Amino acid sequence: MISLERVSRAFAGRRSAGPLTVLSEVSLQVRAAETIAVVGPSGCGKTTLLELICGLQQPDSGSVRCPPAALMPQRDLLLPWLSTVDNASLALRVQGLDRRRARAAALPWLERFGLGGFERARPHELSGGMRQRVAFLRTLLAGKPVLALDEPFASLDAITRAQMQGWLSRILEQEQRTVVLVTHDVEEAVLLADRVLVLSPRPGRVLATIPIAVARPRLRSDPAVVALRAQALDALGSGA
Ligand SMILES: Nc1ncnc2c1ncn2[C@@H]1O[C@H](COP(=O)(O)OP(=O)(O)OP(=O)(O)O)[C@@H](O)[C@H]1O
Ligand SMILES: [Mg+2]
């Protein structure tokens, strides 16, 4: 479904400093309906990797093949003057649907996303977790086979994050999309993904690919989850 072959990416450096290599020879194959999590230290090129997958950037060398993908960016980009339903259906409006049809497509989802009763609320009237759900619904309603999620829960407190992880896990089981999930949180990666890709510090290289063969729903306390989390942390440590 998604195929990256020895992808490298560099940005022009500042003044005398040479080019900044951000990703180095990253290869990755993702199957249809698979959820892959990408973990790695800050600045190792995770967002760059997602933008390459979504076609928002081109690699300097190597190749990227990916069907149409919808990106949920790292910063939630809800428009402050739009209601929940209009923010959620924005991608449909951009695709040319009129407002009435776009709203009609989004409305049935709001209840399932814990947003029932907040159809007309503006983003400032929503909690952080709710805003993330609106942003995620927008990404889902874009209707692309691939979802590229950039740290969807990074800004949330631990309790809300745990709730959102359980919730996302259930939604993804029902949706059968191909998902690339970038996260700082190794436990989150193990709870949600079929495979975890561990990147080194910049320039990001693949340190390990860890299959997560644990039945869902997964519990943090499950010894298999704990062991895989430790394995991913060890792999991260080996690149430091
Ligand atoms: N358009 C750009 N021009 C120049 N440098 C860039 C550009 N985009 C990213 N970089 C640099 O590339 C490196 C990787 O950035 P990227 O945003 O991909 O990292 P990241 O792994 O997502 O980090 P974080 O975990 O903090 O979100 C950083 O050093 C960043 O400064
Ligand atoms: Mg990032």
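Okay, residues lined up against (1) touching a helix residue (DSSP H, G or I) at 6+ places or on another chain (Cβ under 6 Å); (2) away from ligand 1 (no atom under 16 Å from the Cβ):
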| residue | (1), (2) |
| --- | --- |
| LEU137 | yes, yes |
| ALA158 | no, yes |
| TRP167 | no, yes |
| GLU175 | no, yes |
| ARG202 | no, no |
| VAL226 | no, yes |
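Filter segment 18-68 down to residues that are away from ligand 2 (no atom under 16 Å from the Cβ), of a type in the set (A, V, I, L, M, F, W, C) and out of contact with any Leu (no Cβ under 7 Å at 6 or more places or on another chain) and give me whichever is nearest to PRO201 (Cα to Cα).
So, considering only residues that are away from ligand 2 (no atom under 16 Å from the Cβ), of a type in the set (A, V, I, L, M, F, W, C) and out of contact with any Leu (no Cβ under 7 Å at 6 or more places or on another chain), the one nearest to PRO201 (Cα to Cα) is VAL30.
Could you tell me whether ARG131 is in contact with a helix residue (DSSP H, G or I) (Cβ under 6 Å, 6 or more places away or on another chain), of a type in the set (D, E, K, R), outside the structural domain of VAL39 (by TED's automatic domain parsing) and buried (at least 16 other Cβ atoms within 10 Å of the Cβ)?
Spelling it out, ARG131 is indeed in contact with a helix residue (DSSP H, G or I) (Cβ under 6 Å, 6 or more places away or on another chain), of a type in the set (D, E, K, R), outside the structural domain of VAL39 (by TED's automatic domain parsing) and buried (at least 16 other Cβ atoms within 10 Å of the Cβ).
Within segment 10-31, restricting attention to residues that are within 20 Å of the chain's Cα centre (by Cα) and surrounded by 16 or more Cβ atoms within 10 Å (Cβ to Cβ), which residue is farthest from ligand 1 (Cβ to nearest atom)?
Once the filter is applied, the top-ranked residue is VAL30.
Of the residues LEU168, LEU172, LEU181, only one is under 23 Å from GLU51 (Cα atoms), assigned to a helix (DSSP H, G or I) and either among the basic types (Lys, Arg) or in contact (Cβ under 8 Å) with a residue 40 or more places away in the chain (or both); which?
Values: LEU168 fails: either among the basic types (Lys, Arg) or in contact (Cβ under 8 Å) with a residue 40 or more places away in the chain (or both); LEU181 fails: assigned to a helix (DSSP H, G or I).
Residue meeting the stated conditions: LEU172.
So which residues in segment 188-216 are part of a loop (DSSP other than H, G, I, E, B), in contact with a Cys (Cβ under 6 Å, 6 or more places away or on another chain) and either crowded, with 20+ Cβ neighbours inside 10 Å or basic (Lys, Arg) (or both)? Give the derivation first.
As a first pass, look at segment 188-216 and keep what is part of a loop (DSSP other than H, G, I, E, B): 193-194, 200-203, 205, 212-216.
Restricting the remaining residues to those that are in contact with a Cys (Cβ under 6 Å, 6 or more places away or on another chain) gives 201-202.
Answer for segment 188-216, where residues must be part of a loop (DSSP other than H, G, I, E, B), in contact with a Cys (Cβ under 6 Å, 6 or more places away or on another chain) and either crowded, with 20+ Cβ neighbours inside 10 Å or basic (Lys, Arg) (or both): just ARG202.
Among the residues of segment 189-199, is there at least one that is free of Cβ contacts under 8 Å to residues at least 60 places away in the same chain and small (Gly, Ala, Ser)?
No, segment 189-199 contains no residue that is free of Cβ contacts under 8 Å to residues at least 60 places away in the same chain and small (Gly, Ala, Ser).
Taking the residues in segment 70-87 that are surrounded by 14 or more Cβ atoms within 10 Å (Cβ to Cβ), aliphatic (A, V, I, L, M) and within 16 Å of ligand 2 (Cβ to nearest atom) as candidates, determine which candidate is nearest to GLU151 (Cα to Cα).
Going residue by residue through segment 70-87, those that are surrounded by 14 or more Cβ atoms within 10 Å (Cβ to Cβ) are 70-74, 76, 78, 82-87.
Those still in the list that are aliphatic (A, V, I, L, M) too: 70-72, 78, 82, 85.
Checking which are within 16 Å of ligand 2 (Cβ to nearest atom) leaves us with 71-72.
Details: LEU71: 11, MET72: 9 Å.
Ranking the candidates gives MET72 first.
Which one of these does ILE159 not meet: (1) farther than 23 Å from ALA32 by Cα; (2) more than 16 Å from ligand 2 (Cβ to nearest atom); (3) surrounded by 16 or more Cβ atoms within 10 Å (Cβ to Cβ)?
Result: ILE159 passes all but (3).
Could you list, in sequence order, all residues of segment 54-69 that are exposed (fewer than 12 other Cβ atoms within 10 Å of the Cβ) and within 23 Å of GLN132 (Cα to Cα)?
PRO68
Residues that are touching a Pro at 6+ places or on another chain (Cβ under 9 Å): list the helices (runs of 4 or more DSSP H) wholly contained in segment 1-114 that include at least 2 such residues.
Values: elements: 46-53, 84-88, 90-94, 99-112.
Qualifying helices (runs of 4 or more DSSP H): 46-53, 84-88.
The values are calculated or read from the model by the stated rules, or taken from the named source; none is laboratory data. Keep in mind it's a predicted model, so treat the numbers as computed, not measured. Ideal geometry is used to build each Cβ from the backbone, glycine not excepted, and the neighbour counts take in all protein chains shown.
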